[in-house]
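Colleague: One structure coming up, written as structure tokens, with questions to follow.
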Amino acid sequence: MSGHLEIEGIRIPDDPAIITPKIRRSIEAGRYEREERAGTGKFLKPGDRVIELGAGIGFVSSYISKVLGVRDVMCVEADPQLCAFIARVHRENGIEGAEIRNLVALNDGGTPGAVPFYVREPFWSSSLDPDEEYVRRVDVPCERLSALVRKFRANVLIVDIEGGERDLFSPADLSGIDRIFLEIHTRKIRRIGIRKCFDALSAAGFAYDQQVSRGGSVLFRRIPRWQLKEEARAGG
């Protein structure tokens with residue numbers, strides 16, 4: 001390992017075991033997680049309590065904490081090697097108190113326990129899908145998303161889980177959540193999976209926010225109760 005990389009004031013250990021040449025080039029060019037940086041700055045507030053599903057190398061959690069002032073963050077990551085790296089990134093940036101959980105989040109139809117997770121190179125292609133070639137399989141603890149939300153008292157979800165979004169919200173009790181920033185992986189879930197995500201979140205009382213959404217990074221906001229009541233009175 002040699003030194004550190006830096007983007008938007010976030011220092012990242014330049015560890016070749018994690019930071020591939022492609023990631024390094026993206027960081028050095030200022031492109032890394034560009035949509036996430038642009039999007040989160042438009043809807044996050046310092047008092048938010050954020051659960052990040054698919055925390056990767058810990059850049060997004062570091063960015064929203066150090067740059068946007070969000071202090072209450074739970075990082076959920078299935079790859080145990082990345083969990084260790086996230087902790088290093090947080091230490092390097094003086095981030096204290098962020099919770100890191102080596103977990104897979106389930107919908108409310110899932111059974112807590114453990115599930116197989118398939119680690120691939122590069123790391124962002126790792127997933128629960130066994131059909132593509134993988135480097136190794138690890139058994140990862142799993143917990144229902146609704147339980148995580150309840151325990152952490154989260155009000156915001158940031159989700160980037162390589163196709164796992166297809167079934168995450170159906171069914172799911174999202175009580176307490178008012179914003180969901182979702183990375184949609186069309187290649188994995190196809191159009192039918194996109195419809196499933198949108199339908200589930202619509203049924204849970206969320207609407208697409210076109211002002212923040214960009215490309216595959218989509219923001220959903222909870223529809224205010226007064227609007228729902230007004231619509232019901234109008235017979236809509």
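Each reported figure results from applying straightforward, stated rules to the coordinates on display, with no laboratory input. Since we're looking at a predicted model, the values are computed, not measured. Cβ placement follows ideal geometry from the backbone for every residue including glycine, while neighbour counts extend to all protein chains displayed.
Colleague: Extending each Cα 7 Å along its Cβ direction at Asp15 and Asp173, get the distance between those two points in nm, one decimal.
Modeller: Computed distance between label sites Asp15 and Asp173 equals 3.7 nm.
Colleague: Any chance you could give the angle, 0 to 90 degrees and rounded to 10, that helix 186-203 forms with the longest Cα principal axis of the chain?
Modeller: It is inclined by approximately 40 degrees.
Colleague: Extension gain His4-Ala38, at 0.36 nm per residue separation less the Cα-Cα distance, in nm? Mind showing how you got there, number by number?
Modeller: On the way: separation 34, 0.36 × 34 = 12.24 nm, distance 2.32 nm.
Extending this stretch completely gives an extra 9.9 nm.
Colleague: Could I ask something else about it? Where does each of 176-189, 88-101 land if you order them by average Cβ count within 10 Å, highest first?
Modeller: Numbers: 176-189: 19.0, 88-101: 16.6.
So the peptides 176-189, 88-101, ranked by packing, come out 176-189, 88-101.
Colleague: What pairs from Lys42/Lys229; Lys22/Lys188; Lys66/Lys188; Lys151/Lys229 go past 24 Å between their alpha carbons?
Modeller: Lys42/Lys229; Lys66/Lys188; Lys151/Lys229, as the Cα separations exceed 24 Å there.
Colleague: At a 10 angstrom cut-off on C-beta neighbours, averaged per residue, how do the peptides 71-77, 57-63 rank from highest to lowest? Provide the component values of the computation, followed by the final result.
Modeller: Details: 71-77: 23.4, 57-63: 25.4.
Packing proxy ranking, top to bottom: 57-63, 71-77.
Colleague: Another question, then. Counting only DSSP beta bridges with both residues in the chain, tell me the antiparallel percent, nearest 5. Can you show the working numbers first?
Modeller: Values: 22 of 42 bridges.
That works out to approximately 50 percent antiparallel.
Colleague: A follow-up question, please. Round to a whole angstrom and tell me the spacing of the C-alpha centers of the range 121-188 and the range 1-32.
Modeller: The range 121-188 and the range 1-32 have Cα centres spaced 24 Å from each other.
Colleague: Could you work out the helix-only [θ] at 222 nm for the chain, with each DSSP H run of four or more residues adding -39,500 (n - 2.57) and the total divided by the number of residues, to the nearest 500 deg cm²/dmol?
Modeller: On the way: 8 runs with 78 residues, N = 236.
Helix contribution divided over all residues of the chain: -9500 deg cm²/dmol.
Colleague: Sticking with this one: Which order do the peptides 191-203, 42-54, 221-233 take when ranked by the mean count of other beta-carbon atoms within 10 Å per residue, highest first? Mind showing how you got there, number by number?
Modeller: Details: 191-203: 15.2, 42-54: 18.8, 221-233: 11.5.
With the highest mean Cβ count within 10 Å placed first, the list reads 42-54, 191-203, 221-233.
Colleague: Could I have the simple spin-label model distance between Arg221 and Val138, label points 7 Å from Cα toward Cβ, reported in nm to one decimal?
Modeller: Here the modelled spin labels are 3.7 nm apart.
Colleague: Let me ask something else about it. Once amide H atoms are built 1.01 Å from N in the peptide plane, which residues 5 or more positions from Asp72, or in another chain, come under 5 Å H to H?
Modeller: Val50
Colleague: Moving to a separate point now. Assuming a ≥ b ≥ c are the square roots of the Cα gyration tensor eigenvalues, decide whether the range 34-233 counts as rounded (a/c under 1.5), prolate (otherwise, with a/b larger than b/c) or oblate.
Modeller: The shape class here is oblate.
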